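Trainee: Below is a structure I'd like to ask you about.
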Amino acid sequence: MAPGGGRAAVCRRGANRLDSRAMNVIIAGGGIGGLTLALCLDHAGIECEVYEAAPEFKPLGVGINLLPHSVRVLTILGLQHELAISGIPTAELIYYSKHGQRTWAEPRGQFAGYRWPQYSIHRGELQMLLLDEVYKRIGPERVFTGAALASFEHREGCVEARFIDRQTGRASATATGDVLVGADGIHSATRHLFYPDEPTPRFSGRLLWRGVTESEPFLTGRSMIMAGSANQKFVAYPISAEAAGRGRSLVNWVAELPIGGDEEPTRDWNREVAKERFLPAFAGWRFDWLDVPALISGAEHIYEFPMSDRDPVERWSFERVTLLGGAAHPMYPIGSNGASQAILDAADLAETLKAQPDAVAALREYESHRLPATLADRAGEPAAGPGGRDATGGGARAGRLRTPRRGDLAGRAGGGGEPLQAARGL
Ligand SMILES: Cc1cc2nc3c(=O)[nH]c(=O)nc-3n(C[C@H](O)[C@H](O)[C@H](O)COP(=O)(O)OP(=O)(O)OC[C@H]3O[C@@H](n4cnc5c(N)ncnc54)[C@H](O)[C@@H]3O)c2cc1C
């Protein structure tokens with residue numbers, strides 16, 4: 001939908017204490033985190049609007065994983081059927097050497113005794129599934145495209161956000177609300193407004209190539225595998241219930257190689273490259289249970305993405321504005337946790353806003369729950385792959401917190417109360 005200038009929310013002058021039903025949340029970013037937040041807010045009885053920078057929603061990306069804690073949230077939102085007809089409930093994670101020898105395995109999701117499955121799913125399908133629900137439950141008139149957050153201003157008792165159309169550079173919408181949430185991903189404009197001196201994400205020296213290929217099912221047909229080591233790695237897992245229904249597998253795969261250097265190649269989720277760029281390095285990886293070169297060669301599109309990282313920031317919430325998902329805590333797109341953590345953020349933020357009618361205090365409370373949780377998660381960040389560990393990813397980085405621009409902290413409301421269970425009540 002074209003941006004129509006935003007809803008004319010009334011600024012309640014001087015009021016921090018609001019009835020949650022009267023609260024209006026502006027969400028900048030209609031990715032996995034932003035759309036889940038819209039659904040969680042609706043579940044909590046809080047109004048919202050979603051502003052997405054892209055001119056239209058398209059099912060972009062390849063495979064991602066939803067871990068059981070995030071599937072729990074989506075199940076409580078009533079999406080279990082949609083997930084089941086789209087994704088694959090992952091049964092096991094198995095590690096192999098680069099020669100295809102099995103070194104370690106563990107069951108996953110319900111196969112490991114969790115109450116909720118782990119799903120491997122196409123990111124674009126998941127985003128469209130969430131968008132459909134947002135349209136049904138909240139209404140298409142509250143979802144705006146071609147609206148990239150450009151700036152915001154705190155006014156008495158509310159926040160005003162201004163959006164532009166990136167294609168024309170012109171103003172496309174203005175919205176006033178009680179709260180603004182920057183759910184605008186790793187290149188977050190919201191985060192940049194708080195941390196203008198933050199450098200661009202740091203390149204790890206490793207490149208990822210991602211693709212999907214239809215093939216014969218391998219192993220259980222619900223297995224996730226990781227072969228190789230930090231120097232050369234291949235990850236594969238099936239992501240489509242539809243393909244499984246036909247006796248086939250739509251296999252998401254990720255090849256990883258170090259290329260060295262500090263200079264980061266283009267960081268664009270949709271950057272397509274030719275397989276010749278990396279296929280020769282995997283030419284000998286033909287195992288009796290998986291033919292890696294055949295998988296790579298069978299992909300219609302191959303996307304290149306650098307493994308890049310940002311230092312964690314010490315604050316997400318400033319008065320009536322906060323960060324969520326990749327904007328708050330960017331993660332490598334190979335650890336099975338980026339989308340899941342964004343979903344947990346969304347559930348926690350909605351529940352905290354519902355329980356705490358003072359919007360400013362609620363955002364600090366949300367931060368006090370989720371910032372340490374994602375920092376702890378990062379301390380054991382599985383940068384070496386699903387379930388793996390990487391020596392560069394540990395506590396050293398977790399200890400290097402970036403501080404906001406001086407002055408941003410002045411006069412802000414104090415921190416929140418007792419940490420609450422993620423997604424409590426949802
Ligand atoms: C096109 C695309 C493809 C991806 N593919 C993969 C993949 O294959 N595998 C993987 O592991 N991860 C992928 N990701 C990242 C993954 O979705 C996220 O890291 C994770 O799900 C956390 O979700 P998020 O909502 O925080 O961020 P995202 O899912 O990245 O969503 C952020 C959203 O904000 C929008 N946006 C950006 N700037 C602004 C702005 N200024 N104002 C308003 N909206 C803005 C973006 O267009 C996007 O829709 C992809 C992300 C994108 C955008």
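Trainee: How much length would be gained if the chain were fully extended between T220 and R286, taking 0.36 nm per residue of separation minus their Cα-Cα distance, in nm to one decimal? List each step's numbers first, then the result.
Mentor: Values: separation 66, 0.36 × 66 = 23.76 nm, distance 1.82 nm.
Result for the pair: 21.9 nm of gain on full extension.
Trainee: Related question: Based only on Cα atoms, what mean projected area does the convex hull of segment 197-351 have, in nm²? Each step should come with its number before you reach the end.
Mentor: Numbers: hull surface 46.7 nm².
Convex hull of Cα atoms, orientation-averaged projection: 11.7 nm².
Trainee: Within segment 235-282, list the GluC sites (Glu not before Pro) lying in a DSSP loop whose Cβ has at most 10 other Cβ atoms in a 10 Å radius.
Mentor: The qualifying sites are E263.
Trainee: Another question about this same structure. Roughly how far apart, in whole Å, are the Cα centres of segment 87-132 and segment 34-75?
Mentor: 20 Å
Trainee: What Rg and what Dmax come out for segment 153-209 when only alpha-carbon atoms are used, in angstroms?
Mentor: Cα radius of gyration and Dmax of segment 153-209 are 15.1, 48 Å respectively.
Trainee: Here's something else I'd like to know. May I ask for the percentage of alpha-carbon pairs in segment 193-269 that lie more than 17 Å from each other?
Mentor: Working: 1695 of 2926 pairs.
Tail of P(r) above 17 Å: 58 percent of Cα pairs.
Trainee: What ranking of Y332, Y51, Y303 emerges when the number of other C-beta atoms within 10 Å of each C-beta is taken as an exposure proxy, fewest first? Numbers along the way, then the final one.
Mentor: Numbers: Y332 23, Y51 28, Y303 20.
Result, fewest neighbours first: Y303, Y332, Y51.
Trainee: Roughly speaking, what is the stretch gain from A376 to K136, that is 0.36 nm per residue apart minus the C-alpha to C-alpha distance, in nm to one decimal?
Mentor: Extending this stretch completely gives an extra 82.8 nm.
Trainee: Semi-axes, largest first, in whole Å: what does sqrt of 5 times each Cα gyration tensor eigenvalue give for segment 44-140?
Mentor: Working: eigenvalues 196, 60, 18 Å².
Output for segment 44-140: semi-axes of 31, 17, 10 Å.
Trainee: Using a Cα-Cα cut-off of under 19 Å, which lysines could be cross-linked to K58, ignoring same-chain neighbours fewer than 8 residues away?
Mentor: In chain and number order, the partners are K136.
Trainee: Related question: If each residue of separation counts as 0.36 nm, what is the full-extension length gain between Q101 and A294 once their alpha-carbon separation is subtracted?
Mentor: Length difference between fully extended and current span is 67.6 nm.
Bear in mind that the values in this text are calculations on the coordinates, not laboratory data. Because the structure is a prediction, the values reported are computed rather than measured. Cβ sites come from the backbone with ideal geometry, for glycine too, and all protein chains shown count toward neighbours.
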